[in-house]
Structure formats: structure tokens, C-alpha cells
Amino acid sequence: MSKNITLHDDLPEDKRLEVMDENGDTQIYEIILTFHSDTLNKSYVIYKEPGDSDEAFAAAFNEDNKNGGQLEAIVEDEEWDMVEEVLNTFLDEESSEV
């Protein structure tokens with residue numbers, strides 16, 4: 001299942017996105033990080049609900065479409081393992097900077 005996304009013009013692109021579901025309902029999320037995997041030739045976004053939420057979501061996306069695009073579900077275990085590794089590395093680096 002894929003979802004349409006539109007980045008808010010009034011919010012920093014690198015921190016927030018708006019996800020629109022098939023019913024036209026929208027939800028604002030905070031982007032934790034985006035990255036590209038040369039191995040899989042895909043771009044990914046890891047995001048969460050704004051605030052202190054510890055639950056993170058991840059999806060592949062079309063990096064060339066800067067004003068919105070399609071989030072694609074990650075279905076392969078190889079992709080999930082890679083995304084988790086990137087997120088853990090990012091979080092480790094963040095905690096060592098504090």
C-alpha cells in the first residue's frame with residue numbers, strides 16, 4: 001500500500017511531512033532522517049508522530065519528487081534490517097553528541 005505525501009510549505013522540509021491516506025485524511029509527522037541506499041537504489045524516510053513519541057515509521061520514497069510523492073511500504077526483511085541499522089547508528093551518534 002502506498003500513501004500520497006505533501007510537505008508543508010510553512011514548516012521546515014527537513015523536519016515535517018504531511019501524510020494523506022486513501023480517504024483524504026491527513027496526519028503530520030516529524031521526520032527523523034532521510035537517506036539513500038546505493039545498494040538497494042532507494043531513498044528512505046524514518047518519521048514519527050510529533051512530540052515525545054518513541055514509535056517510528058519508515059518507508060521508501062521517490063527522492064526526485066521534492067513537493068510530495070509516494071511513500072512505499074517496506075516489505076523485504078533485508079530492507080527492514082538495513083533501515084534499523086541506519087536508525088540505530090543515527091541514534092547512537094545523536095546520544096554521543098549530547
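Numbers below:
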| quantity | calculated |
| --- | --- |
| Region 1-39, residues that are at pLDDT 80 or above and polar (S, T, N, Q) | Asn23, Thr26, Gln27, Thr34, Ser37, Thr39 |
| Qualifying positions in region 42-71 - modelled with pLDDT of 90 or more, over 14 Å from Leu87 (Cβ atoms) and surrounded by fewer than 16 Cβ atoms within 10 Å (Cβ to Cβ) | none |
| Matching residues in region 66-83 - criterion: being within 12 Å of the chain's Cα centre (by Cα) and in a helix (DSSP H, G or I) | Val83 |
| Contacts under 9 angstrom Cβ, first residue in region 19-35 being free of Cβ contacts under 8 Å to residues at least 40 places away in the same chain, partner among the acidic types (Asp, Glu) and part of a strand (DSSP E or B), 6 or more apart | Thr26/Glu18; Gln27/Glu18; Ile28/Glu18; Tyr29/Glu18 |
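The values are calculated or read from the model by the stated rules, or taken from the named source; none is laboratory data. The model shown is predicted, which means the values in this text are computed figures rather than measured ones. No Cβ is skipped: glycine too gets one built from the backbone with ideal geometry, and neighbour counts run over all protein chains shown.
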